[in-house]
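The values are calculated or read from the model by the stated rules, or taken from the named source; none is laboratory data. For clarity, every value in this text was computed on a predicted model and none was experimentally measured. All Cβ positions, even for glycine, are placed from backbone atoms using ideal geometry, and neighbour counts span all protein chains on display.
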Amino acid sequence: MQQSSDSHIIPMTSVNSGKLRAARTDVFYYTDQIVNVVFIGPANAPGWVLVDAGMPGKGGAILRAARSLYGDNPPAAIILTHGHFDHVGSIVGLLETWGNIPVYAHPLEAPFLTGRQAYPEPDVTVEGGVLAKISALYPHEPIDISEVLQPLPADGSVPGLPGWRWIHVPGHTPGQVALFREADRTLISADAVITVRQDSFYKALVQKEEVNGPPRYLTTDWVAAEASVRTLEALQPEIMISGHGTAMEGEELRAGLQALLLNWGEEAVPDHGRFVDRGNE
Ligand SMILES: [Zn+2]
Ligand SMILES: [Zn+2]
């Protein structure tokens, strides 16, 4: 197995970096620099599940957070919402520690997780300030975890997580998935909807809370991205943990999702850029 050949530590952080917070009694999220990893399962119990694997070089911090919740119990599985570097950055190191536990992702994401295909280079021309500009530094060579990678079950169930289902939310990447638990309407939205303006350096640093569309410089299909937000809004989530930003709940969340959809063209989609201009060429 290998991490991507251009994997390296990215000097980027936020005021919430290093925080481990509870969203439910059995759902926790840890902010690693700017990205969230989610732990699902009651504390101190075996059989928990990790969602996503953080930034490059952060395996130690994720392991410490896991240990504080579950002691030496390794997870039963890892679910990857998608294969962007900030969600898979430390997975190889984690698997070295935990042994080859199964890793699940959508089949459309497999080429990016088995070394076969790289995502398109981020669009540094998109408006969005310094984070879009430095996105050229992000690793984008694919990782290879073919030894442990398995497709999420076609019936929508999530291995190791009874009561949860996965939902295909393409647009940001072809095979991105969200996770939803009907019983208490808990949504893990990945980067389909995020609660911070990822392409504003200031807002990403202070983690100013607002419902936003996916990070602009890496989103390649804005039509699919809008349909995915519509799918998530229709779930009427009670709490949402997104790939970036603080968990949001209740009326603030639902109103934010509605406002995002109402203003999608002006708010979410960049005015110009490689991935939006393509249709006009
Ligand atoms: Zn992403
Ligand atoms: Zn992300």
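I need the strands (runs of 3 or more DSSP E) fully contained in segment 125-225, keeping only those with at least 1 residues that are at pLDDT 95 or above and within 15 Å of ligand 2 (Cβ to nearest atom). I'd like the intermediate steps shown before the answer.
Numbers: elements: 149-151, 164-168, 177-181, 186-190.
Fully inside segment 125-225 and qualifying: 177-181, 186-190.
Since R230 meets every condition but one in (1) at pLDDT 95 or above; (2) crowded, with 22+ Cβ neighbours inside 10 Å; (3) under 21 Å from A268 (Cα atoms), which condition does it not meet?
Here R230 meets the rest and fails (2).
Kindly list, by first and then second residue, each pair from a residue in segment 241-261 that is within 16 Å of ligand 1 (Cβ to nearest atom) to a residue that is aromatic (F, W, Y), limited to pairs with Cβ atoms under 7 Å and residues at least 6 apart or on different chains.
Hits for this filter: I241/Y29.
Only residues in segment 211-225 that are within 11 Å of ligand 1 (Cβ to nearest atom) count as the first member; pair them with residues that are outside any loop (DSSP other than H, G, I, E, B) and of a type in the set (F, W, Y), Cβ under 7 angstrom, at least 6 apart or cross-chain, and list the lot.
T219/F275; T220/F275
Could you list all residues from segment 235-253 that are under 20 Å from the mean Cα position of the chain (by Cα) and in a helix (DSSP H, G or I)? Give the derivation first.
Filtering segment 235-253 down to residues under 20 Å from the mean Cα position of the chain (by Cα) leaves 235-249, 253.
The one that is under 20 Å from the mean Cα position of the chain (by Cα) and in a helix (DSSP H, G or I): L253.
Go through segment 86-104 and give me each residue that's assigned to a helix (DSSP H, G or I), over 23 Å from S157 (Cβ atoms) and within 16 Å of ligand 2 (Cβ to nearest atom).
The answer is D86, and nothing else.
Only one residue in V103, V15, V51 is within 16 Å of ligand 1 (Cβ to nearest atom), in contact (Cβ under 8 Å) with a residue 24 or more places away in the chain and within 19 Å of the chain's Cα centre (by Cα), so which one is that? Write out each step before concluding.
Numbers: V103 fails: within 16 Å of ligand 1 (Cβ to nearest atom); V15 fails: within 16 Å of ligand 1 (Cβ to nearest atom).
Result: V51 is the single residue among V103, V15, V51 that is within 16 Å of ligand 1 (Cβ to nearest atom), in contact (Cβ under 8 Å) with a residue 24 or more places away in the chain and within 19 Å of the chain's Cα centre (by Cα).
Exactly one of these conditions fails for Y29: (1) modelled with pLDDT of 95 or more; (2) hydroxyl-bearing (S, T, Y); (3) in contact with a His (Cβ under 9 Å, 6 or more places away or on another chain). Give me its number.
For Y29, the failing item is (3).
Could you check, for segment 15-28, whether at least one of its residues is within 16 Å of ligand 2 (Cβ to nearest atom) and β-branched (V, I, T)? First the steps, then the outcome.
Going through segment 15-28, the residues within 16 Å of ligand 2 (Cβ to nearest atom) turn out to be 16-17.
When the remaining residues are screened for being β-branched (V, I, T), the result is none.
The answer is no, given that none of the residues of segment 15-28 is within 16 Å of ligand 2 (Cβ to nearest atom) and β-branched (V, I, T).
Residues of segment 75-114 being more than 17 Å from Q176 (Cα to Cα) and surrounded by fewer than 19 Cβ atoms within 10 Å (Cβ to Cβ), which ones?
Listed by number, the residues that qualify are A76, E96, T97, W98, G99, N100, I101, P102.
Hey, among I40, I79, which residue is within 16 Å of ligand 1 (Cβ to nearest atom) and either closer than 20 Å to T173 by Cβ or of a type in the set (A, V, I, L, M, F, W, C) (or both)?
Working: I40 fails: within 16 Å of ligand 1 (Cβ to nearest atom).
Exactly one residue qualifies, and that residue is I79.
Do we find a residue being surrounded by 15 or more Cβ atoms within 10 Å (Cβ to Cβ) and among the charged types (D, E, K, R) anywhere in segment 14-24?
yes
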